[in-house]
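The values are calculated or read from the model by the stated rules, or taken from the named source; none is laboratory data. Because the structure is predicted, anything quoted here is derived from the model rather than measured. FYI the Cβ positions are ideal-geometry reconstructions off the backbone, even for glycines, and counts take in every protein chain you see. The area values use the complete protein model at the heavy-atom level, side chains included, leaving out ligands, DNA and RNA. Shrake-Rupley method; radii C 1.70, N 1.55, O 1.52, S 1.80 Å.
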Amino acid sequence: MGAPSYKYLQALSERSELPGSRPLIKSTTQEILSGKRVRLPDWQWVSAFVRACHAAAAESGLPTDGLGTVQEWC
């Protein structure tokens, strides 16, 4: 299995019910991960990305322990 698509990560982030969370926009995620953006992403994006990666791994039956928690990404 390959990496989750940007569209899939966006859909997973849209399901988040955490206060202050925002969905990942697939074009923004692609630009950040490919290095097209010069500035570091803001904390809301990082938090949403980590949560979406955890959700993608869990739905695929993959272990999430190597991803780190949102708190560890602070």
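Residue-wise, which Karplus ³J(HN,Hα) couplings in Hz belong to the range 50-63, taking 6.51 cos²θ - 1.76 cosθ + 1.60, θ = phi - 60°, and x for glycine or proline? Listing the rounded values in order: 4, 5, 5, 5, 4, 5, 5, 5, 4, 5, 8, x, 8, x Hz. A DSSP coil position with no more than 16 other Cβ atoms inside 10 Å describes the following trypsin sites (Lys or Arg not before Pro) in the chain: 15, 36, 37, 39. Of all the options 27, 16, 47, the one that moves most in a Gaussian network model of the chain with Cα springs shorter than 10 angstrom is 27. Normalised by the number of residues in the chain, the mean separation of alpha-carbon contacts (under 8 Å, six or more apart) gives a relative contact order of 30 percent.
The apolar share of the surface of the chain, taken as the fraction of accessible area on carbon and sulfur atoms (1.4 Å probe, ligands and nucleic acids excluded), comes to 58 percent.
Accessible surface area normalised per residue over the range 23-74 is 67 Å², counting heavy atoms of protein chains with a 1.4 Å rolling probe.
Compared with the direct C-alpha span, the chain from residue 67 to residue 5 gains 20.6 nm at full extension, assuming 0.36 nm per residue.
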